[in-house]
Structures are given as structure tokens and as C-alpha cells.
Amino acid sequence: MDDLISDFLTEANESLEIVDAELVNFEAKPEDRAALDKIFRLVHSIKGTSGFLGLPRLEAVAHAGETLLGRFRDGKLAVSSDAVTLVLRSIDTIKAILDGLAASGSEPAGDDSGLIGELEAMSEDAPAGLAEEVVAAPVEEPRVLRPGEVSMEDLEAAFAAAEGPSFDFGDEPAPVESAQIELAQPEPVQTAQVAEASGEEGGPAATNQSIRVGVEVLEDMMTLVSELVLTRNQLLQLNRSRTDDAFVPPLQRLSTITGELQDSVMKTRMQPIGAAWKKLPRLVRDLSKELGKKIDLVMDGETTELDRQVLEQIRDPLTHMVRNSADHGLETPEQRRAAGKSDVGTIRLAAFHEGGSIVIRVQDDGRGLDTARIREKAIEKGLVSRTDAEALTDAQVHRLVFSPGFSTAAAVTNVSGRGVGMDVVRSNIEQIGGQIELNSTAGQGSGVTIKIPLTLAIVSALIVGAGGERFAVPQGYVVELIKVDGEDTEHRIETIEHIRMVRLREELVPLIDLSAELGRTARRPATFVMVMQVGQHRFGVIVDEVIDTEEIVVKPLAAALRNISVFSGATILGDGSVVLIVDPNGLTERAGEIPASAQKAIDEAAAWGEAEGLERKSLLVVRVGEGQPKAVELSKVTRLEHADASRIERNGHRASLQYRGRLMTVLTVDESQMLRSSGVQPLLVFTGALYSMALAVDEIVDVVDAQLKIELTATRPGLLGVAVVDGKATDILDIDHFMLLALAEQARSDDPANSSVDTREAA
């Protein structure tokens with residue numbers, strides 16, 4: 001294909017994307033003259049270049065559309081929905097011609113006389129009243145020309161005096177008003193010489209300079225940088241085994257430069273997500289007409305940037321989710337009025353950075369998902385049995401819409417109903433290492449949240465061992481890492497209905513053993529559990545060891561391994577070994593759900609606790625002596641202090657500490673408890689109305705959330721009783737008792753007679 005045609009196709013397609021979005025905005029705000037000028041200018045450029053390149057069909061359609069837009073600019077035709085629809089049809093025809101030109105290298109044959117006739121007929125249908133208003137409109141005074149500009153008269157004289165060949169850019173010259181506006185408001189591009197001559201500051205620095213670079217060039221650059229990162233990792237690994245430090249400075253410098261180069265190349269691949277949203281205003285506008293609904297599309301975060309490769313992967317999922325919200329989610333104006341809502345439904349599209357990922361949300365204020373209908377449809381299609389379906393929670397039922405072939409539409413339409421939607425959306429998102437979750441509230445609307453990585457090329461990973469092999473796990477999915485051994489009582493592994501689970505802060509998390517899934521024998525003196533979060537699903541993965549964290553370069557899998565859902569790719573570690581990258585989305589399907597009976601028991605226990613008036617409270621667990629642990633409500637503790645034991649003053653049986661300019665009484669939990677004479681003394685500080693008190697402990701153990709139920713009554717002062725906290729019998733301290741003791745000590749300290757006695761005793 002000719003380079004001139006290739007450049008024209010690129011620029012024309014970019015222009016038409018802008019025209020689509022601007023036309024929809026202009027229809028909503030007909031008074032926006034700047035938007036209309038922009039649309040007219042782009043269509044005019046396409047028409048002129050088409051004539052220059054000898055593309056008569058394209059030129060004819062563009063000319064007819066430009067004429068109609070010119071009537072809008074002249075004020076001779078009112079902006080109406082029918083007129084905008086006709087212009088959009090001409091834009092669609094131009095796109096089809098461009099597609100044919102790109103495919104064959106020549107303009108495709110076709111008859112556009114019907115469309116051109118409609119455009120010309122509407123252009124000629126100019127109400128007299130509007131024309132009179134235009135004629136009667138006051139003429140603005142011409143502004144003073146800036147340096148480098150020429151007047152219209154000088155330009156016409158130059159054209160008249162020019163000799164030689166000329167190009168025909170249309171059947172008729174552009175309106176005079178158009179030429180005046182374009183000349184009077186040129187694009188702000190200056191050369192350095194012009195900037196200096198005009199005395200303006202900034203010069204070339206103020207000009208946004210850019211060049212076109214082929215995508216394949218950027219891909220080659222990214223590949224080279226990826227190889228450089230691998231080489232950097234290998235050099236760092238080799239240097240760790242050396243005793244000679246001579247290579248440390250240059251390696252550190254190499255590592256820094258590699259990181260900076262990686263960031264720079266990544267920036268060349270980054271594009272604003274708004275590039276994937278350009279077609280959505282037009283899509284929503286067409287759906288609004290087709291479905292008879294009033295829809296307002298609100299977009300926030302268009303400038304959020306992500307990798308071009310990721311951007312291409314999410315175009316179709318975003319389009320489908322917006323179509324779903326318009327068709328299934330939003331109600332008709334009559335239904336919305338009956339529900340007490342406004343006639344106009346809203347679809348909100350938002351994008352923002354969160355950690356090392358991009359979060360995209362599509363939310364509507366429609367009817368929400370019909371949970372009962374989804375459940376019945378799943379039973380009808382054989383996705384679940386009726387018994388299992390009744391045991392599913394609402395969130396689990398909602399996830400069924402991602403099943404292949406699932407649709408609740410009553411009839412197949414041009415918009416939806418074929419059951420090839422949300423499963424493809426999930427597949428595309430998971431293919432790029434993303435997560436997708438669905439939320440819905442009946443009568444208020446539903447939304448889809450997508451979390452995807454910024455880039456697919458280089459990611460941070462956790463290197464783990466399982467069954468004698470090493471694997472890489474993307475760090476973004478790991479929310480917690482815990483160690484479990486045979487004596488661990490805090491994190492207990494339990495088996496409920498043949499599903500292994502770990503109890504994590506009173507929450508049951510289903511487990512899968514990575515070694516067992518791979519058919520390998522575990523080699524573990526202890527067990528590590530990676531708690532992972534994929535969408536709304538939380539599960540644990542048992543591994544033998546946690547080795548290291550490393551930035552890895554993602555390589556595609558060999559053809560023989562591509563059908564194994566547990567792996568998403570491979571990478572080369574710093575020591576040169578090849579390891580597989582675990583796909584958390586594939587593991588999700590293998591992690592069992594919490595059995596309905598177990599979930600029911602948990603829910604009943606929670607309901608019983610609420611019925612008994614047992615609130616969940618945060619408790620501070622401490623250790624004093626060799627006895628059972630002790631706990632106090634965290635809300636009553638003002639501060640946790642680790643004081644230097646030498647600063648605690650002892651006066652007979654009393655102890656105090658200079659704390660924030662005053663003496664603070666220090667008490668012990670047990671009479672037999674001894675304050676430390678050296679080192680650090682842990683203290684719990686409690687504050688009253690006019691005084692403070694500290695309670696000395698041996699160790700601050702943990703903070704836990706639990707329902708506080710006193711099982712045994714107190715046997716001595718200072719205790720409320722004994723309760724089961726985190727699976728252990730625990731003494732619950734009576735802080736009010738110690739506060740009264742501290743108040744008595746404070747009163748004795750304020751008595752002058754007692755003060756003199758204390759002084760003599762201290763002496």
C-alpha cells in the first residue's frame with residue numbers, strides 16, 4: 001500500500017473517533033460552537049484529502065456530511081436528533097469505505113446516492129426564521145491580526161495571482177465564514193524563529209512535539225529491556241556468591257540504569273484509558289434510541305494510563321458491560337418513574353490507580369440483578385442442582401452469570417440475549433491476569449469492578465517452593481502469608497466435609513495444596529499458607545517454602561502447557577533456571593467453596609452471639625508470669641509504652657514513672673509480679689479525668705477480635721472472670737479496679753505528710 005494512503009488511513013480513523021464522541025456531546029449541547037467547529041474541520045480535512053488522493057466515493061459522502069454540518073454552523077438549520085443521526089450514518093459509511101481501502105488498497109465500489117440524497121435534502125430544509133435571524137445577527141468586528149497571520153483579502157489576492165497546477169479539494173469552495181474562522185484561530189504551533197521574533201516566551205518548549213512510531217518497534221524495545229532485566233537479575237545473583245566487592249558499585253549502577261530504562265520504555269507503551277472509551281458515548285447514544293431509554297453516560301478518569309497491550313484487551317469487555325447495563329440494568333422511563341427514580345438512567349464509568357493495578361468500575365442505577373431468576377435459570381440450564389442452588393448465597397448466585405452460555409434475556413435481540421457475553425468478558429480479563437467481581441443491590445443498581453495489572457511484561461512475584469520445584473506467584477494477589485506447624489494453635493487447619501480449611505481470625509478460608517495439585521510429594525518441615533484474593537473469592541494455597549521476591553519477565557507458555565489453567569506463563573530467574581508462573585484465577589476454580597453446613601454453623605454462631613448480646617470487641621492480649629494469658633478491651637487503653645526500667649522510681653511498695661511532666665503510678669497485675677530492674681518494661685497506659693495510670697506486663701502478645709463472654713466468675717480482685725479468647729482460656733482484667741487503686745495512690749502522694757514519709761524512706 002502506498003505510504004501516502006497508509007498515513008491518510010491512520011489520520012482519518014483517529015479523526016473519526018474524535019468526530020463520533022464530539023457529535024454525541026454536540027447533540028446534548030448544541031450551543032457548544034467549539035465542538036461544532038472541531039467536527040467540521042476534521043470532516044473537511046477528510047474530504048479535501050480524499051479529493052487529492054483520487055477517492056471520489058469517499059469525497060462525495062464526506063462532502064455531503066460537511067454541507068449539513070455547515071448548515072449547523074451558519075445557523076440555517078436547527079440541531080435535531082434526526083439530523084445528528086444522519087451525520088452519524090455518513091460517518092459510519094466513511095468508516096466502511098476506509099476499512100475497504102485498508103483491506104484492498106483501493107476504494108471499494110458502492111452506491112451512496114440514497115444517503116447523499118438524504119443529507120442534501122436535510123441541508124436544503126432550512127427554516128426561513130432561522131435564516132432571517134442569521135442575516136439580522138450583528139457582525140463582529142474583525143480582530144487585529146497576530147504576527148504571521150494574513151487577512152482574507154490578502155489570501156484571496158494571492159490565490160488569484162498564483163500560476164501553475166492546483167488541486168481540486170471539492171465540488172465547491174468552503175463557506176467564507178469557515179475560512180475566516182480557521183484563519184483567525186490558527187493552531188498554536190510556532191517555530192523557534194517565530195517565537196523569538198514575536199518576543200513570546202517558551203518558544204519551542206511550549207510546542208507539543210511528537211512523532212509516529214510503529215507498534216512493532218515498541219514491542220522490540222520492550223523485549224530488549226525484558227532481556228536486560230533478566231541479565232541484571234542473573235548478574236546480581238552471581239555477585240551474591242562472591243566475596244570480592246569490586247563489582248558491587250558498577251552492578252548497583254547497572255541496576256539503577258536498567259530500572260530507569262525500563263520505566264522510560266514502559267511510558268512509551270502507556271496510553272490513557274480514554275482511548276478505549278471513545279466509542280462508548282456513540283454506543284450509549286444509539287442504544288438509548290434503540291431501547292427507548294434515557295441514558296446518561298458519566299466517565300471519570302479518562303487520563304488514567306495503562307499498557308497498550310492491556311488497553312486492547314479490555315476494549316471489548318468494556319463495550320459489553322456498558323451494553324449490559326443499558327439493556328438489562330436500566331429501566332424504561334415509565335418503570336423508573338414508578339420506582340420513584342428520575343427518567344434518566346445513569347451509567348458511571350470510572351478508572352483509577354490502586355497499588356500496582358488499574359481499577360475500572362462500570363456502575364448503573366438500574367433495577368439490579370434478579371437473584372431468583374438467575375437461580376432458576378442456572379437450574380434450568382443444569383449448571384447447579386436445585387438443592388445446591390438453594391444453599392448458594394446471593395453473591396454466589398450472581399457469579400453464575402459468568403458461566404458460558406448463560407443469559408436471562410426473555411428474547412434474543414440485536415443488543416443481547418445470545419448468552420455469549422459475561423463468560424467472554426471474564427475470560428478476556430483473566431487472560432491478562434485481571435480480576436472481575438460483580439455486585440448488585442435490588443432496586444438500586446449493579447456494577448462490575450475490574451482490577452488489572454498496569455503491564456503484562458514485567459511483574460513483581462513471590463518465589464515459592466512446592467513438591468521440590470520452584471514457582472512464581474504474582475504478588476498482587478497475595479494478601480497475607482502465614483506459617484502453620486504442628487504446634488500452631490492460632491492458625492488451625494481443619495477438615496470440613498472433605499475440604500481443608502484454615503481458621504484465620506475466626507474466618508474459615510478454603511485451602512488447596514499446590515504440591516498435591518501438581519501430583520508431587522510435599523517436602524515440608526513446616527507449612528506456609530499464601531492467603532490469596534481473586535475478586536470476591538478468598539482462599540489459601542499451601543506451599544513448602546517461601547524463597548524470595550523478584551521482578552520477573554513474563555514469557556508465554558509452550559504449546560504443550562497452554563491448556564493447563566494453573567499456569568499463566570514462565571520466567572527465568574536470576575540463577576538462570578526456568579520456573580512456571582502460577583495463575584491465581586486458575587487456582588480459584590480448584591479451591592473449594594466453604595460447605596453450606598459449615599457456613600450455616602458460622603452464621604448461627606454469629607446470630608447466637610448477637611442474640612446473647614455479645615458484641616465483637618477488640619481485645620489486647622498480654623502475658624504476665626507463667627499463668628494463662630490475660631486480656632483487656634483495647635478501647636480502654638490510651639497508649640502502649642516500652643519504658644526504660646531504670647526510669648521507674650520505687651518508693652517502698654509504690655512505683656511511679658515521670659510521664660509527660662507528671663508522676664504516673666505504675667501498678668502490677670499480680671502481687672507476686674516483679675518489675676524489671678533493667679532493660680525495657682512494657683506498660684499499658686490508662687488515662688482518667690485528672691490522672692494517668694500504667695499497668696506493667698511481661699509481654700504484649702496480640703490484638704484479636706472476639707465475642708467477649710465470661711465463662712467463669714472472678715476468684716480475686718482485679719479480674720472480671722475467664723473467657724475463651726482465640727481458643728484459649730484468658731483472664732479478663734478489671735481495669736476499673738486498677739484505676740481506683742491508682743486514684744488512691746494519687747491521693748496519698750498528694751498528702752504532704754505522706755510525701756515527707758516517702759522522702760525519708762527513699763533516703
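The values are calculated or read from the model by the stated rules, or taken from the named source; none is laboratory data. Because the structure is a prediction, the values reported are computed rather than measured. All Cβ positions, glycine included, derive from the backbone under ideal geometry; neighbour counts span all protein chains shown. Surface areas here come from the heavy atoms of the whole protein model, side chains and all, with no ligands, DNA or RNA. Shrake-Rupley method; radii C 1.70, N 1.55, O 1.52, S 1.80 Å.
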_When the residues of region 534-567 are narrowed to those that are acidic (D, E) and open to solvent by 60 Å² or more (accessible area, probe 1.4 Å), which ends up modelled with the lowest pLDDT?_
E551
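Yes/no per residue for (1) open to solvent by 20 Å² or more (accessible area, probe 1.4 Å); (2) more than 40 Å from the chain's Cα centre (by Cα):
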position	(1), (2)
L23	no, no
P30	yes, no
L36	no, no
T49	yes, yes
D74	yes, yes
V79	yes, no
S106	yes, yes
*Give me the pairs, please: first residue somewhere in region 104-133 and farther than 14 Å from D74 by Cα and in the same structural domain as S90 (by TED's automatic domain parsing), second residue anywhere and modelled with pLDDT of 85 or more and part of a loop (DSSP other than H, G, I, E, B), beta-carbon distance under 6 Å, and either six or more positions apart or on two chains.*
E107/L55
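For A378, indicate whether it is touching a Ser or Thr at 6+ places or on another chain (Cβ under 9 Å), farther than 21 Å from E290 by Cα and crowded, with 20+ Cβ neighbours inside 10 Å.
yes
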_Given the criterion open to solvent by less than 40 Å² (accessible area, probe 1.4 Å), assigned by TED's automatic domain parsing to the domain that holds P108 and not basic (K, R), identify the matching residue among E17, E11, E66._
E66
*Any chance you could count how many residues in region 712-727 are closer than 16 Å to K617 by Cα and open to solvent by 70 Å² or more (accessible area, probe 1.4 Å)?*
2
*asked:* What are the pairs with Cβ atoms under 6 angstrom where one residue, in region 735-753, is under 12 Å from M693 (Cα atoms) and assigned to a helix (DSSP H, G or I) and the other, located anywhere, is hydroxyl-bearing (S, T, Y) and at pLDDT 65 or above? Sequence gap at least six, or different chains.
replied: A742/T665; E745/T665; Q746/Y691
*asked:* Given (1) touching a helix residue (DSSP H, G or I) at 6+ places or on another chain (Cβ under 9 Å); (2) open to solvent by less than 60 Å² (accessible area, probe 1.4 Å); (3) of a type in the set (A, V, I, L, M); (4) modelled with pLDDT of 80 or more, identify the lone condition not met by A442.
replied: (2)
*Filter result for L58 (surrounded by 21 or more Cβ atoms within 10 Å (Cβ to Cβ) and in a loop (DSSP other than H, G, I, E, B))*: no
*Going by the conditions given, is L400 closer than 28 Å to I314 by Cβ, touching a Leu at 6+ places or on another chain (Cβ under 8 Å), at pLDDT 75 or above and open to solvent by 60 Å² or more (accessible area, probe 1.4 Å)?*
no
*Selection within region 328-354 - free of Cβ contacts under 8 Å to residues at least 12 places away in the same chain and either β-branched (V, I, T) or buried (at least 18 other Cβ atoms within 10 Å of the Cβ) (or both)*: R336
*Sole exception among (1) of a type outside the set (S, T, N, Q); (2) out of contact with any strand residue (DSSP E or B) (no Cβ under 9 Å at 6 or more places or on another chain); (3) modelled with pLDDT of 75 or more for R760, by number*: (3)
*Return yes when T668 is of a type outside the set (F, W, Y), modelled with pLDDT of 85 or more, within 16 Å of I735 (Cα to Cα) and open to solvent by 40 Å² or more (accessible area, probe 1.4 Å) and no when it is not.*
yes
